[in-house]
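Chemist: Sharing a structure below in C-alpha cells format, with a few things to ask.
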Amino acid sequence: AAAHTDEEEDGGHRRVHDVVIEFEGSGAWPTDEAAIRKIKTAFLIKLQSDMSSEFGIESDLTAAYADVKYPDHIFRVRIFHPKEVGGI
C-alpha cells in the first residue's frame, strides 16, 4: 500500500506507512470474530505501552490500529488474522 500523509495540529505533515503483523497460526486463537478483534486490540494496547515505556515512542491507538509516531513518519500498525477475511 502506498504511503499517505497525516496532518498534524501544528500544520506539519508526516508520511503514514502501513504495517501489517500476522502471527503464526495457532489453535489458541478463538474462533469467534468478536473475540479475535478483542485480542488484536489487546496486542495493540500492549505494543503502545511497551513502545512508550521502553523507548519513549509516542503512539495513538484505535480498536483497529496503532499509529506509532516518529519525527517524519507514522507507522500505522494493524494485526491481520485470516479468520476475519474468509472465515477460514
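Chemist: Output the residues belonging to the stretch 38-64 that are in contact (Cβ under 8 Å) with a residue 12 or more places away in the chain and in a strand (DSSP E or B).
Modeler: Across the stretch 38-64, the qualifying residues are S59, L61.
Chemist: Cβ-Cβ under 8 Å, sequence separation 6+ or interchain: first residue in the stretch 65-88 and closer than 17 Å to E24 by Cβ and at pLDDT below 95, partner of a type in the set (K, R) and open to solvent by 60 Å² or more (accessible area, probe 1.4 Å). Which pairs?
Modeler: Close Cβ pairs (under 8 Å, with a partner that is of a type in the set (K, R) and open to solvent by 60 Å² or more (accessible area, probe 1.4 Å)) amount to E84/R37.
Chemist: Among the residues of the stretch 24-62, how many are in contact with a Leu (Cβ under 9 Å, 6 or more places away or on another chain) and under 22 Å from R14 (Cβ atoms)?
Modeler: Filtering the stretch 24-62 for residues in contact with a Leu (Cβ under 9 Å, 6 or more places away or on another chain) gives 41, 44-45, 47-48, 59, 61-62.
When the remaining residues are screened for being under 22 Å from R14 (Cβ atoms), the result is 44, 47-48, 59, 61-62.
Here the count works out to 6.
Chemist: Restricting attention to the stretch 54-76, and to residues there that are more than 16 Å from V19 (Cβ to Cβ) and open to solvent by less than 90 Å² (accessible area, probe 1.4 Å), which single residue is farthest from the chain's Cα centre (by Cα)?
Modeler: Looking at residues that are more than 16 Å from V19 (Cβ to Cβ) and open to solvent by less than 90 Å² (accessible area, probe 1.4 Å), I get G56.
Chemist: If a residue has to be under 18 Å from the mean Cα position of the chain (by Cα) and not hydrophobic (A, V, I, L, M, F, W, C) to count, how many in the stretch 26-47 make the cut?
Modeler: Number of matching residues: 6.
Chemist: I'd like the full set of residues that are open to solvent by 50 Å² or more (accessible area, probe 1.4 Å) and over 16 Å from V20 (Cα atoms), limited to the stretch 33-45.
Modeler: E33, K38
The values are calculated or read from the model by the stated rules, or taken from the named source; none is laboratory data. These figures come from a predicted structure and were not determined experimentally. Reconstructed Cβ throughout: ideal geometry from the backbone, glycine too, with neighbour counts over all protein chains shown. What goes into the accessible areas is simple: the full protein's heavy atoms, side chains included, and nothing from ligands, DNA or RNA. Shrake-Rupley method; radii C 1.70, N 1.55, O 1.52, S 1.80 Å.
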